[in-house]
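The values are calculated or read from the model by the stated rules, or taken from the named source; none is laboratory data. None of these values were measured; they are calculated from a predicted model. Using ideal geometry, Cβ is built from the backbone for each residue, glycine included, and neighbour counts are taken over all protein chains shown. All accessible areas refer to the heavy atoms of the entire protein, side chains included, with ligands and DNA or RNA removed. Shrake-Rupley method; radii C 1.70, N 1.55, O 1.52, S 1.80 Å.
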Amino acid sequence: MFAVTVSDSTQVAEARRRASSAAAAESGFNEEHAAQVALAATELSTNLIKHANGGQLVVNAENRRLGLLALDRGPGIADIDRCLADGYSTAGTRGNGLGAVRRLARSFEAVSWPGRGTAVFAEISPGDESWPDKATGPAAVVLAKPGETVSGDAWSSHEDAAGVTLFVVDGLGHGTEAAVAAKAAVGQFDTSRHDPPAEILAAVHRAMRHTRGGAVAVARVEWDSATVTYAGLGNIVGVLIGAGGGERRMVSQNGTAGHIARRIQSFEYPCSDGVLIMHSDGVATSWRLDAYPGLIKAHPMLVAGVLYRDYNRERDDATVVVARTRSA
């Protein structure tokens, strides 16, 4: 995952080039699909310039999916549905931008608040109809500290019929060695993902001993019992938010995975229909989701994107992971 800053017209071409290159490198994307990605990236980036005085285009290509997330702090859109209608424009253009992107995308959603900016998410696939629709599955924004080429943060997830398990790691510091620590942690999670959170965390702690270590957290959402079991070492933030309001911050133990773990313990929390949000310390903790009316019902990638946009500290790697607490 990477982000392209789009603050003038010359950077639109850079956003298009990097997005289409990412598509071309991803399995299943032929020249036609890469061209669709290029068009969508162009339209989203152009909108950032014309309507918001710039923003960021976040690109994520993995597992035969390519997601484009356009984030801005512009004047916002009072009526998104009207803006999606071809022919509507506030900038004297043909007004086909967002409508064209929606037609190209397998999954498309936008959120906006007057005076507080807009976030648009579009996901493009190679066109395989058997490809599962994961619109309500976990999603994340994971971006390296400005100036770094790799992120020392990482995440993973495992979903089955009974629930979903989420994993977030923040390798100590940033840069290459932090990324090595995060890779070791994710590798162990992928091996231990069927185990309870405390056992996963203990295994990850052992697997990170040869690295610089880091902060780690595991959350398991059980659909039938409507509970979340959470285990953490260090300062990964985990928050449960109900659809009707109410916020519960979950407990992590002091320590550094791979080095110091005086106690590894899990805690269980009831969860109503809502979202589970986990993030690294590259994101400030002062956010409140109810400051964005309707966002809790949006695509998880939009929730992650808006929190990243407004609370990214910009001096460290930043990760925000969002998952529903009810099965679709």
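Scanning the stretch 216-239 for residues that are open to solvent by 10 Å² or more (accessible area, probe 1.4 Å) and assigned to a strand (DSSP E or B) yields R220, E222, T227, T229, V237. Filtered by the rule that a residue be assigned to a helix (DSSP H, G or I), open to solvent by less than 10 Å² (accessible area, probe 1.4 Å) and in contact (Cβ under 8 Å) with a residue 40 or more places away in the chain, the stretch 198-211 gives L201, V204. Scanning the stretch 240-263 for residues that are in a loop (DSSP other than H, G, I, E, B), without any contact (Cβ under 8 Å) to a residue 40 or more places away in the chain and open to solvent by 60 Å² or more (accessible area, probe 1.4 Å) yields G244, V251, N254, R262, R263. Can you name every residue in the stretch 160-197 that is under 16 Å from A231 (Cβ atoms), without any contact (Cβ under 8 Å) to a residue 40 or more places away in the chain and open to solvent by 60 Å² or more (accessible area, probe 1.4 Å)? Residues satisfying the conditions are R193, H194, D195.
Checked against (1) at pLDDT below 95; (2) within 25 Å of V320 (Cα to Cα); (3) touching a strand residue (DSSP E or B) at 6+ places or on another chain (Cβ under 8 Å), P114 passes all but condition (3).
Filter the stretch 264-304 down to residues that are among the charged types (D, E, K, R) and open to solvent by 60 Å² or more (accessible area, probe 1.4 Å) and give me whichever is farthest from L71 (Cα to Cα).
The initial filter retains those residues of the stretch 264-304 that are among the charged types (D, E, K, R), namely 268, 273, 281, 288, 290, 297.
Of the ones still in play, those that are also open to solvent by 60 Å² or more (accessible area, probe 1.4 Å) are 268, 273, 288, 290, 297.
Details: E268: 34, D273: 27, R288: 18, D290: 19, K297: 18 Å.
Filtering first and then ranking leaves E268.
Condition (residue is in a helix (DSSP H, G or I) and either touching a residue at least 60 places away in the same chain (Cβ under 8 Å) or within 20 Å of the chain's Cα centre (by Cα) (or both)) applied to the stretch 265-280: is it met by at least one residue? No, there is no match, as no residue in the stretch 265-280 is in a helix (DSSP H, G or I) and either touching a residue at least 60 places away in the same chain (Cβ under 8 Å) or within 20 Å of the chain's Cα centre (by Cα) (or both).
Among all residues of the stretch 310-326, there is at least one that is more than 15 Å from R249 (Cα to Cα) and assigned to a helix (DSSP H, G or I).
Pick out the one residue from A61, A13, A78 that is surrounded by 15 or more Cβ atoms within 10 Å (Cβ to Cβ) and small (G, A, S). Talk me through it step by step, then tell me what you get.
Numbers: A13 fails: surrounded by 15 or more Cβ atoms within 10 Å (Cβ to Cβ); A78 fails: surrounded by 15 or more Cβ atoms within 10 Å (Cβ to Cβ).
After applying the criteria, what remains is A61.
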